[in-house]
Amino acid sequence: MNRMRRLIISLLLAAAIAFSLWIAYPYLLRAMARWLDVGKPPRRADYVLLLGGDQQTRPFVVAVLVNEGWARRVLVCESAPTPQSIDGILPPAHEISCRILLNQGVPPDDVVVLRGAVATTHDEAKTLATFLEDHPNVRVLAVTSDYHTRRSRWILSRSLADRSDAVSFVSAPTDYCDMNRWWKDQWGMRFVASEYLKLAFYLVRYGHLFHWLAACGVLAIVAAWIRRRQSVPGQTH
Amino acid sequence: MVKRKIIAAVVVVGFAGAVLFHAPLLRGLADPLIVDQTTDDYDSICLLPSLQTPDGDRCYDVAASLFRKNPSAQVLIVVHPPNRIVEAGALASFETISRRELGVRGVPGDSILILRSRWIDDWAAAEALAGRLRERPESSVLLLCAEFHSARVRAVLNNVLDPAAAKRVRVMPLPDRRFDKTNWWTSRRGVRSLGMNWLVRLQGWLGGQAAHPPRKSADDYRRDIIKSWREETP
């Protein structure tokens with residue numbers, strides 16, 4: 001009888017959770033996308049760093065920042081070669097970005113290309129760290145896609161350490177997919193869901209020892225709790 | 001005690017098996033993303049765009065080689081609506097790039113046909129192709145796309161086209177020169193590509209086709225950004 005009662009309660013609880021998730025999932029998914037965006041309105045700076053990637057949005061935001069007087073000069077990291085650039089089908093990504101900036105009214109002398117053939121945000125963070133060693137007192141606005149700001153901030157803060165407060169983030173809105181329904185969109189899924197996977201990867205690959213210890217600690221506590229429950233008389237099946 | 005020993009043995013054997021057979025297991029992870037329907041029976045070769053790049057490594061080389069095998073074939077190029085980068089003059093359009101690259105490889109301009117899609121996703125590309133198939137009911141198409149994207153493309157085609165038309169389109173997967181299904185886990189790009197394409201596959205199963213947000217010119221985009229900064233600044 002006791003077992004039957006527990007089974008019914010468990011089923012009811014599971015049904016309630018499933019129902020709540022079914023009702024709440026659009027809100028949860030929207031919140032997931034919003035959580036990734038930690039961009040702030042711009043503040044005055046010496047440089048704008050254009051992080052590589054979505055060229056439909058990021059270089060245009062950088063151009064607005066320069067044209068509106070928020071910063072004077074732009075830092076663009078040299079991109080690593082891709083199959084298309086090797087075959088001469090497309091120019092290298094940083095060249096395309098520079099062309100957009102010039103087309104949008106940024107003076108050519110104000111665009112600084114940082115050499116280094118970067119392929120990842122981590123490479124860009126290292127390139128910026130080197131630049132800041134030579135320019136210790138400058139302030140930088142980092143521009144990247146809205147969904148990419150949280151991971152970029154984390155990576156830059158790890159790479160720049162005590163210089164990380166010299167950098168603030170401005171989001172470039174991804175306007176060609178509806179972020180309020182990103183899970184319905186081919187690009188939204190690629191951007192938002194993959195960003196969570198990349199965040200997890202970066203935490204494991206570049207994360208602090210503390211993250212590992214915390215994860216191990218949580219696992220150990222859960223294991224101890226399960227073991228304790230199994231060993232208490234009357235609670236085992 | 002015996003139960004615990006059995007569990008421990010299963011864990012050890014499972015771990016050893018995963019280590020020993022990791023290659024077939026990981027290849028198996030890529031298999032659901034790949035459809036290979038390569039055929040010699042085609043009168044059209046179709047190229048797809050990704051956001052700004054052609055979908056599929058060396059797609060122009062492969063398309064030109066297929067054209068040489070069947071010089072009466074037409075090369076269909078699905079093009080997305082022009083984006084801000086093209087409008088800014090920073091990059092040639094996918095149509096211009098494709099015509100140039102195919103021309104260099106010996107495909108004459110009058111064998112190239114442009115199919116314009118209404119949006120920048122696989123569904124819109126499939127709809128553009130559907131229009132062509134309706135006009136030419138006897139046509140058979142060999143569609144080139146990235147290897148890990150091929151199953152998704154096949155699924156979208158099956159969804160958009162009627163069954164008879166869907167059968168007339170075959171998908172030819174193009175492996176990336178840096179990785180393929182036999183070694184994707186050895187490179188970071190391979191892992192990323194596999195992950196991204198699994199997510200897009202998942203989106204196809206769960207979400208289906210999305211509504212398209214309105215397209216913004218560079219001026220509209222700039223205006224909206226400045227407005228949002230003013231609204232957010234205290």
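The values are calculated or read from the model by the stated rules, or taken from the named source; none is laboratory data. Model, not experiment: these values are computed from the prediction. A quick note on method: Cβ atoms are made from the backbone with ideal geometry, for glycine too, and the neighbour counts reach across all protein chains shown.
Does B:Ser193 satisfy the condition of being within 11 Å of another protein chain (Cβ to nearest Cβ) and either more than 19 Å from the chain's Cα centre (by Cα) or without any contact (Cβ under 8 Å) to a residue 24 or more places away in the chain (or both)? Explain how you work it out, then say what you get.
Details: within 11 Å of another protein chain (Cβ to nearest Cβ): yes; either more than 19 Å from the chain's Cα centre (by Cα) or without any contact (Cβ under 8 Å) to a residue 24 or more places away in the chain (or both): no.
For B:Ser193, the condition - within 11 Å of another protein chain (Cβ to nearest Cβ) and either more than 19 Å from the chain's Cα centre (by Cα) or without any contact (Cβ under 8 Å) to a residue 24 or more places away in the chain (or both) - is not met.
Which residues, taken from the range B:213-229, are more than 8 Å from chain A (Cβ to nearest Cβ) and farther than 18 Å from A:Leu101 by Cβ? Working first, answer last.
From the range B:213-229, those more than 8 Å from chain A (Cβ to nearest Cβ) are B:214, B:217, B:219-220, B:223, B:227; that's our starting set.
Hits for the range B:213-229 are B:Pro214, B:Asp220, B:Arg223, B:Lys227.
Which condition number does A:Arg43 fail, the rest of (1) farther than 22 Å from B:Ser50 by Cβ; (2) without any contact (Cβ under 8 Å) to a residue 60 or more places away in the chain; (3) within 14 Å of chain B (Cβ to nearest Cβ); (4) not in a strand (DSSP E or B) being met?
Evaluating A:Arg43 over (1) farther than 22 Å from B:Ser50 by Cβ; (2) without any contact (Cβ under 8 Å) to a residue 60 or more places away in the chain; (3) within 14 Å of chain B (Cβ to nearest Cβ); (4) not in a strand (DSSP E or B) leaves (2) as the failure.
Exactly one of these conditions fails for A:Val76: (1) over 21 Å from the mean Cα position of the chain (by Cα); (2) within 25 Å of B:Ser228 (Cβ to Cβ). Give me its number.
(1)
Looking at the structure I just gave you, is A:Val170 modelled with pLDDT of 95 or more, under 17 Å from the mean Cα position of the chain (by Cα) and at the interface with chain B (Cβ under 9 Å from one of its Cβ atoms)?
yes
Do you know which residues across the range A:1-56 are among the charged types (D, E, K, R) and touching a helix residue (DSSP H, G or I) at 6+ places or on another chain (Cβ under 7 Å)?
Within the range A:1-56, A:Arg30, A:Asp37 qualify.
For A:Gly116, which of the numbered conditions (1) assigned to a loop (DSSP other than H, G, I, E, B); (2) more than 9 Å from chain B (Cβ to nearest Cβ); (3) modelled with pLDDT under 95 fails to hold?
Among (1) assigned to a loop (DSSP other than H, G, I, E, B); (2) more than 9 Å from chain B (Cβ to nearest Cβ); (3) modelled with pLDDT under 95, A:Gly116 violates only (1).
Considering every residue within the range A:158-166, establish whether at least one is closer than 28 Å to B:Gly89 by Cβ and either buried (at least 19 other Cβ atoms within 10 Å of the Cβ) or within 14 Å of chain B (Cβ to nearest Cβ) (or both). Talk me through it step by step, then tell me what you get.
So the first thing to find is which residues in the range A:158-166 are closer than 28 Å to B:Gly89 by Cβ, and the list is none.
There is no residue in the range A:158-166 that is closer than 28 Å to B:Gly89 by Cβ and either buried (at least 19 other Cβ atoms within 10 Å of the Cβ) or within 14 Å of chain B (Cβ to nearest Cβ) (or both).
State yes or no: is B:Ser50 under 19 Å from the mean Cα position of the chain (by Cα), of a type in the set (S, T, N, Q) and modelled with pLDDT under 90? Give the steps one after another, and end with the answer.
Details: under 19 Å from the mean Cα position of the chain (by Cα): yes; of a type in the set (S, T, N, Q): yes; modelled with pLDDT under 90: yes.
Spelling it out, B:Ser50 is indeed under 19 Å from the mean Cα position of the chain (by Cα), of a type in the set (S, T, N, Q) and modelled with pLDDT under 90.
Out of A:Glu124, A:Glu133, A:Glu95, report the one residue that is among the charged types (D, E, K, R) and within 11 Å of chain B (Cβ to nearest Cβ).
When all the criteria are applied, what remains is A:Glu95.
Can you go through A:Phe210, A:Phe191, A:Phe201 and tell me which one is crowded, with 22+ Cβ neighbours inside 10 Å and at pLDDT below 95?
Result: A:Phe191 is the single residue among A:Phe210, A:Phe191, A:Phe201 that is crowded, with 22+ Cβ neighbours inside 10 Å and at pLDDT below 95.
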